[in-house]
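> Got a structure for you, questions after.
A short reminder: the numbers here are calculations on the coordinates, not readings from a lab. Everything numeric here is computed off the predicted structure, so don't read it as measured data. Note: ideal-geometry Cβ built from the backbone for every residue, glycine included; neighbour counts use all protein chains shown.
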Amino acid sequence: MSYLKLLKKGNKSSGVAALGNSLLAIIKAIAAAVSGSGAMFATAMHSVADATNQGFVFFGSALAEKEPTKRFPSGFGRIVNLFVLVAVIIIAIMAYETVLKGWGLIVDPKSSTNIWLNVGILFVSIVIDGYILIKVMKEINEESRAEAEGFSVYTDSFKNSKLASPPTRLVFYEDLIATSGAFIALLFVVLSYFTGLYFLDGIGTLLIGLLLIVIAIKIGYENTIGLIGVAAPSIVEKRVAETILEDSNVKDIKKLRILQEGREYHVESYIELKKGLSLAEADDIKYQVRDKILEDKSISDVTIGILESDEEQNWSMDQYENGEENEQ
């Protein structure tokens, strides 16, 4: 597969966000240099961090689409988690620089100039980051298959973010903080200018730095467990179990294990079939069930073993109504 074809398969949210934040980083850096505003410097650093790591994640998500090889038979799904962890290091460095800048402005407050330049650029930042955030919220609901409409598209995106792919989650968290950070910067730039309390500029800068630290820890944790290999969310397990039990010849699920790797899931299961089937009939049913599961685009491979029913019920769909995961 050519590199161009791979790039076309890259995560669209991270690609669009990288371009948008590159533009914002340049504009904000010029404004920070001209005005001397610490809050503007902080939000410029935030945009630099966002653009850099979103670019990393875009290329990582594209590489993750490479076909499995003899040397890497499981594919390259987890490589996107590795790229996101590199992005987390960049966020952490930018957070440190921002906190340092904020503390310096609190200890030694300085007045900033060109207030309306700062206000105008921060307003543009809110609009651009807000637009990207709305797009990624919609993408989260698409990836999680949530049937959200109207305002619930935005509220449900918080609940469903854990079901989205690692690159989409990264863009969601980063642009959530970027939009919030731009609001904070705008508020403190205006307050420090009109009240003459210039240390407020430092407080705003410090708050943005602390937000960056929080998001670095959260994204770092989620992608570390993703890199190790983590069980799929119960909603995905429920979806697969329902697909298996839809077949009238399947009487029970003896075992079901679903491993999340990058943005994909690997399914392993033992299913119990009704008694009296020939080996050829049982094999046909197994392949029918496998093909049905593979219709889910987020599932990359399925391994199924077949057993004759022991007349005992091992698997119950009632467990999902109570929000529990099967521990078998």
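> Based on other C-beta atoms within 10 Å, arrange Asp252, Asp284 from fewest to most.
Details: Asp252 20, Asp284 13.
Starting with the residue having the fewest Cβ neighbours, the order is Asp284, Asp252.
> Let me ask something additional. Can you compute the modelled spin-label distance between Tyr221 and Phe123, with each label point 7 Å from Cα toward Cβ, in nm?
Calculated label separation equals 3.9 nm.
> How charged is the neighbourhood of Ala95? Take every other residue with its Cβ under 13 Å from the Cβ of Ala95, and add Lys/Arg as +1 and Asp/Glu as -1. Kindly include the intermediate steps, with their values, before the conclusion.
Working: positive: Lys101, Lys218; negative: Asp50, Glu97, Glu174.
For residues surrounding Ala95, the net value is -1.
> Still on this structure, I have one more. Residues with amide H under 5 Å of Ile253's amide H, sequence separation 5 or more or different chain, H placed in the peptide plane at 1.01 Å from N; which?
Here the answer is Glu272, Asn314, Trp315, since their amide H atoms fall under 5 Å of that of Ile253.
> Something else now. Sum -39500 (n - 2.57) across every DSSP H segment of at least 4 residues in the chain, then divide by the residue count to get the 222 nm mean residue ellipticity, nearest 500. Intermediate values should be presented prior to the final figure.
On the way: 11 runs with 214 residues, N = 328.
It lands at -22500 deg cm²/dmol.
> Now for a separate question. Using 1/(1 + (r/R0)^6) with R0 = 51 angstrom and r between the beta carbons of Phe194 and Ser298, what's the FRET efficiency to the nearest 0.05? Provide the component values of the computation, followed by the final result.
Numbers: r = 51 Å, r/R0 = 1.00.
For R0 = 51 Å, the calculated efficiency reads 0.50.
> Here's another thing I want to ask about it. Which helices count as membrane-span-like in the chain under these terms: full DSSP H, at least 30 Å along the axis by C-alpha, Kyte-Doolittle mean of -1.0 or more? Provide the component values of the computation, followed by the final result.
On the way: long enough: 12-35 (34 Å, 1.28); 38-63 (38 Å, 0.77); 79-107 (43 Å, 2.17); 115-143 (41 Å, 1.10); 166-195 (43 Å, 1.19); 199-228 (44 Å, 1.74).
Answer set is 12-35, 38-63, 79-107, 115-143, 166-195, 199-228.
> Could you tell me what a quarter of the Cα convex hull surface of the chain works out to, in nm² with one decimal place? All intermediate terms of the calculation are to be shown ahead of the outcome.
Values: hull surface 78.9 nm².
Mean projected area of the Cα convex hull: 19.7 nm².
> Can you give the convex hull volume of the alpha carbon atoms of the range 234-321 per residue, in Å³?
Values: hull volume 7.3 nm³, N = 88.
About 83 Å³ per residue, rounded to a whole number.
> In addition: Could I have the simple spin-label model distance between Ile115 and Gln288, label points 7 Å from Cα toward Cβ, reported in nm to one decimal?
About 7.5 nm, to one decimal.
> Now a separate question. Where in the range 77-173 are there trypsin sites (Lys or Arg not before Pro) that are in a DSSP coil and have at most 14 other Cβ atoms within 10 angstrom of their Cβ? Walk me through the intermediate numbers first.
Details: sites: Arg78, Lys101, Lys110, Lys135, Lys138, Arg145, Lys159, Lys162, Arg169; in loops: Arg78, Lys110, Arg145.
Hits after loop and neighbour filter: Lys110, Arg145.
> Follow-up. Using the beta-carbon distance between Gln313 and Ala231 and R0 = 25 Å, what value does 1/(1 + (r/R0)^6) give for FRET efficiency, to the nearest 0.05?
Values: r = 22 Å, r/R0 = 0.89.
Taking R0 as 25 Å, the efficiency between Gln313 and Ala231 is 0.65.
> Let me ask something additional. May I have the extent of the alpha carbons of the range 47-171 along their three principal axes, as whole Å values ordered from largest to smallest?
In descending order, the Cα extents are 61, 41, 21 Å.
> A further question follows. Counting other C-beta atoms within 10 Å, and keeping those with at most 14, which DSSP coil chymotrypsin sites (Phe, Trp or Tyr not before Pro) do you find in the range 82-190? Walk me through the intermediate numbers first.
Numbers: sites: Phe83, Tyr96, Trp103, Trp116, Phe123, Tyr131, Phe151, Tyr154, Phe158, Phe172, Tyr173, Phe183, Phe188; in loops: Phe151.
Here the chymotrypsin sites (Phe, Trp or Tyr not before Pro) that fit, given the DSSP loop and packing criteria, are Phe151.
> Here's a follow-up. Just list whichever of Lys254/Lys275; Lys238/Lys297; Lys12/Lys70; Lys135/Lys292 have alpha carbons separated by over 22 Å in the model shown.
On the way: Lys254/Lys275 15 Å; Lys238/Lys297 16 Å; Lys12/Lys70 29 Å; Lys135/Lys292 30 Å.
Long pairs (Cα-Cα over 22 Å): Lys12/Lys70; Lys135/Lys292.
> Which number do you get for Rg(Cα) / (2.2 N^0.38 Å) in the range 185-263? Don't skip to the answer; put the middle values down first.
Numbers: Rg = 24.3 Å, N = 79, 2.2 N^0.38 = 11.6 Å.
Working it through for the range 185-263, the quotient is 2.10.
> At a Förster radius of 25 Å, what calculated FRET efficiency corresponds to the Cβ-Cβ distance of Ile89 and Lys162, to the nearest 0.05? Present the calculation step by step, with values, prior to reporting the outcome.
Values: r = 23 Å, r/R0 = 0.90.
Efficiency computed from Cβ-Cβ geometry: 0.65.
> Please order Leu133, Leu279 by the number of other Cβ within 10 Å, starting at the fewest. Could the numbers behind the result be given before it?
On the way: Leu133 24, Leu279 8.
The order, fewest Cβ neighbours first, is Leu279, Leu133.
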